[in-house]
Amino acid sequence: MTDMNIIDTIGNTPLVRVNRVLTPEAKANNVRILIKLEMQNPGGSIKDRIAKNMLEDAERSGTLKPGMTVVEYTSGNTGIGIAMICAAKGYKCIICMPQLPPFEERYIVCRMFGADVHLTAPALGMPGLKSYTEDLVEKNEGYFLVNQFFNEANPSIHYTTTGPEIWEQSGECIDYFVTGVGTGGTATGTGKYLCEKNPNCKVICVEPTESRVHLGAAHTPHTILGIGAGVPTHFLTELAPGQPFAEGSRGLVSEFLSASSSESIEWATKLAKTEGIMVGPSSGATLKVAMDLAERPEAKGKTIVVIAASHGIRYTAHPLWKEMKQEAK
């Protein structure tokens, strides 16, 4: 008999080694690539971790009380995690996201968890989505804004859970940690823990090639959902306040590397077909970057840990599934 509820199952996701997907150069380099399967969280992504911690941190502080309505702006997976936890805890929930075709599943899943979903015009971008949500909260008493991009309970849960899990599961051996940049919480929280354990560990942040804003480049449209919001993130900015965004390291982050929208689809597809691991486009992007690292001479014999943030089944409205959907018609 168990007293666990769905929220208690968040975290402790598997870390698995991949072999067949490796390039010949990576194999020749004898690199060990390990993938953290965050799609095994009950809501289907790594964002379940921060959703749980941000809401429970607000409950502990008294900011979030019974009867209040939880509100958040999101590209989707954080919204799903919040909607799931609100359903389990009994809170009303409003999720705000852009009205774009690839977001169809996110809309449906949030609604299935009982959340209301407000859609904003895509042209408004993330700043417009943020502004809309803040106005909504300001005008309605009893609304609580989660604010994942600025909420310190975001990186802190990665420091206390994701980092220790990876360190233990890897056999306390990790040379590179590769993660996409959504809010920056995974990179800063997990990266901090791993660098404390191994000061030589290199934290690699992955952006869309079309939106390398953490190198000072302009944002252009891309299809790698979950990363590349188009503005520098608060948590990564605070690693080196006042430092311009340009090539090179930033605080604990050793490098900002990138994958294009097409490369993210290519590598997500390869991972499914060669390893039986189905992931979303952001995980395809992190795997592509991990493979680039694995081919470097200095990576010979090293261990690379890659975050697989979400499950590929969540992206059937995304170009990731375009070819298969055409076959099925």
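The values are calculated or read from the model by the stated rules, or taken from the named source; none is laboratory data. None of the values given here were measured: they were computed from a predicted structure. A quick note on method: Cβ atoms are made from the backbone with ideal geometry, for glycine too, and the neighbour counts reach across all protein chains shown. Each accessible area value is taken on the protein alone, full model and side chains, heavy atoms only, with ligands, DNA and RNA left out. Shrake-Rupley method; radii C 1.70, N 1.55, O 1.52, S 1.80 Å.
In the stretch 134-154, is there at least one residue being farther than 19 Å from Leu55 by Cα, within 21 Å of the chain's Cα centre (by Cα) and assigned to a helix (DSSP H, G or I)? Among the residues of the stretch 134-154, not one is farther than 19 Å from Leu55 by Cα, within 21 Å of the chain's Cα centre (by Cα) and assigned to a helix (DSSP H, G or I), which makes the answer no.
Residues that are closer than 19 Å to Val305 by Cβ and modelled with pLDDT under 95: does the stretch 196-206 have at least one? No, every residue in the stretch 196-206 fails to be closer than 19 Å to Val305 by Cβ and modelled with pLDDT under 95.
Assess whether Ser131 counts as being over 22 Å from Ser283 (Cβ atoms), among the small types (Gly, Ala, Ser) and under 20 Å from the mean Cα position of the chain (by Cα).
On the way: over 22 Å from Ser283 (Cβ atoms): yes; among the small types (Gly, Ala, Ser): yes; under 20 Å from the mean Cα position of the chain (by Cα): no.
No.
Filtered by the rule that a residue be part of a helix (DSSP H, G or I), closer than 22 Å to Gly280 by Cα and either among the aliphatic types (A, V, I, L, M) or open to solvent by 10 Å² or more (accessible area, probe 1.4 Å) (or both), the stretch 86-107 gives Pro101, Pro102, Phe103, Glu104, Glu105, Tyr107.
Could you please tell me which pairs satisfy a Cβ distance under 6 Å, a separation of 6+ or placement on different chains, a first residue in the stretch 281-301 that is closer than 15 Å to Phe256 by Cα and in contact (Cβ under 8 Å) with a residue 12 or more places away in the chain, and a second residue that is open to solvent by 10 Å² or more (accessible area, probe 1.4 Å) and in a helix (DSSP H, G or I)? If the second residue must be open to solvent by 10 Å² or more (accessible area, probe 1.4 Å) and in a helix (DSSP H, G or I), the pairs left are Leu287/Trp267; Lys288/Glu263; Lys288/Trp267. When residues in the stretch 229-241 are screened for being under 13 Å from Gly216 (Cα atoms) and not aliphatic (A, V, I, L, M), 4 of them pass. Can you tell me which residue is most open to solvent (accessible area, probe 1.4 Å) among those in the stretch 108-135 that are in contact with a Phe, Trp or Tyr (Cβ under 7 Å, 6 or more places away or on another chain) and within 30 Å of Gly62 (Cβ to Cβ)? Of everything passing the filter in the stretch 108-135, Lys130 is most open to solvent (accessible area, probe 1.4 Å). Within the stretch 218-243, the residues that satisfy the criterion of being under 21 Å from Pro155 (Cα atoms), touching a Ser or Thr at 6+ places or on another chain (Cβ under 9 Å) and either assigned to a loop (DSSP other than H, G, I, E, B) or open to solvent by 50 Å² or more (accessible area, probe 1.4 Å) (or both) are Leu225, Gly226, Ile227, Gly228, Ala229, Gly230, Thr233, His234, Glu238, Leu239, Ala240, Gln243.
Among the numbered conditions (1) among the hydrophobic types (A, V, I, L, M, F, W, C); (2) at pLDDT 95 or above; (3) out of contact with any strand residue (DSSP E or B) (no Cβ under 8 Å at 6 or more places or on another chain), the only one that Leu252 does not meet is (3). All conditions in (1) at pLDDT 95 or above; (2) farther than 24 Å from Thr179 by Cβ; (3) not acidic (Asp, Glu) hold for Tyr107, with the sole exception of (1). Take the residues in the stretch 244-266 that are hydroxyl-bearing (Ser, Thr, Tyr) and part of a strand (DSSP E or B), then tell me which one is most open to solvent (accessible area, probe 1.4 Å). The qualifying residue most open to solvent (accessible area, probe 1.4 Å) is Ser254. Scanning the stretch 199-217 for residues that are of a type outside the set (Lys, Arg) and open to solvent by 30 Å² or more (accessible area, probe 1.4 Å) yields a count of 6.
Within the stretch 53-73, track down each residue that is assigned to a helix (DSSP H, G or I) and among the aliphatic types (A, V, I, L, M).
Met54, Leu55, Ala58 - these are the residues of the stretch 53-73 that are assigned to a helix (DSSP H, G or I) and among the aliphatic types (A, V, I, L, M).
Residues that are in a helix (DSSP H, G or I) and open to solvent by 70 Å² or more (accessible area, probe 1.4 Å) were ranked within the stretch 1-52; the one that is farthest from Leu225 (Cα to Cα) is Ala28.
Any residue at all in the stretch 158-171 that is open to solvent by 50 Å² or more (accessible area, probe 1.4 Å) and either on the phi > 0 side of the Ramachandran plot or not in a helix (DSSP H, G or I) (or both)? Reasoning before the result, please.
Going residue by residue through the stretch 158-171, those that are open to solvent by 50 Å² or more (accessible area, probe 1.4 Å) are 159-160, 168-169, 171.
If we keep only those that are either on the phi > 0 side of the Ramachandran plot or not in a helix (DSSP H, G or I) (or both) as well, we get 171.
Yes: one or more hits.
Between residues in the stretch 49-68 that are within 23 Å of Thr9 (Cβ to Cβ) and residues that are among the hydroxyl-bearing types (Ser, Thr, Tyr), which pairs lie under 7 Å by C-beta distance while being six or more apart or on different chains? Sorted first by the residue in the stretch 49-68, then by its partner, the pairs are Arg49/Thr161; Arg49/Thr162; Ile50/Thr78; Ala51/Thr78; Asn53/Ser156. Applying the criterion of being open to solvent by 10 Å² or more (accessible area, probe 1.4 Å) and β-branched (Val, Ile, Thr) to the residues of the stretch 272-293, the residue that is nearest to Pro24 (Cα to Cα) is Thr274.
Filtering the stretch 277-308 to residues that are closer than 21 Å to Val181 by Cβ and part of a strand (DSSP E or B) leaves Val279, Ile304, Val305, Val306, Ile307, Ala308.
For the stretch 309-327, indicate whether the set of residues that are of a type in the set (A, V, I, L, M), touching a Leu at 6+ places or on another chain (Cβ under 6 Å) and assigned to a loop (DSSP other than H, G, I, E, B) is non-empty. No, the stretch 309-327 contains no residue that is of a type in the set (A, V, I, L, M), touching a Leu at 6+ places or on another chain (Cβ under 6 Å) and assigned to a loop (DSSP other than H, G, I, E, B).
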